[in-house]
1. Test each condition in (1) in contact (Cβ under 8 Å) with a residue 40 or more places away in the chain; (2) more than 20 Å from Glu140 (Cα to Cα); (3) not β-branched (Val, Ile, Thr) for Lys121 and report the one that comes out false.
2. Taking only the stretch 8-37 into account, find how many residues are more than 9 Å from the ligand (Cβ to nearest atom) and free of Cβ contacts under 8 Å to residues at least 24 places away in the same chain.
Amino acid sequence: MALARGKEQLYCEVCGSPIPGRPYRALVDGVEMILCPSCYLKLTRSGRAILVKQRPAKTTQAPRRTRPVKKVSLELYDIVEDYYERIREARESKGWSLSVLAQKLRISESMLRKIESGKMKPSIDLAKRIEKILKIRILEPTELEEEFEAPPPGTLTLGDVVVVRRDED
Ligand SMILES: [Zn+2]
């Protein structure tokens, strides 16, 4: 048998027939085999064979996506612990009765009584009105600021982990 260009005739390792032209190298059930075109097509279509590709020069590090610096600013308010004392003291120093202040706040007197006795925390909205009317501070702004930026290579910040997880969602 004449060998084309002096090359050894290759036979399909699945069906045993001589392979015309270029053989296909494929992983069949995890084993690398030389296949004829028809076996290659048959097996890849059934999902049993995976073409063995020339592996591209593998990068040792996955390319890092450059992330824009995200600044998350979240303003939260907390009502101070002694809000009720501050309210009562401020009200009394103005000489206002409970009903006067309740009217100014557009809330019921019993509600104000509960607030002043510390049994009920005002809502943030109401607390803002109280601050304005009594000229006191019962809200503590809590500013949470988180910055996500590319950390130096080799380090992984908590912020980075959070971002990575979000990307995988
Ligand atoms: Zn074959």
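All of the numbers you see were taken from the coordinates with simple rules; none came from a lab. Keep in mind the model is a prediction, meaning the values are calculated, not measured. In this analysis, Cβ positions are derived from the backbone assuming ideal geometry, glycine residues included, and neighbour counts consider all displayed protein chains.
1. Every condition holds for Lys121 apart from (2).
2. Number of matching residues: 13.
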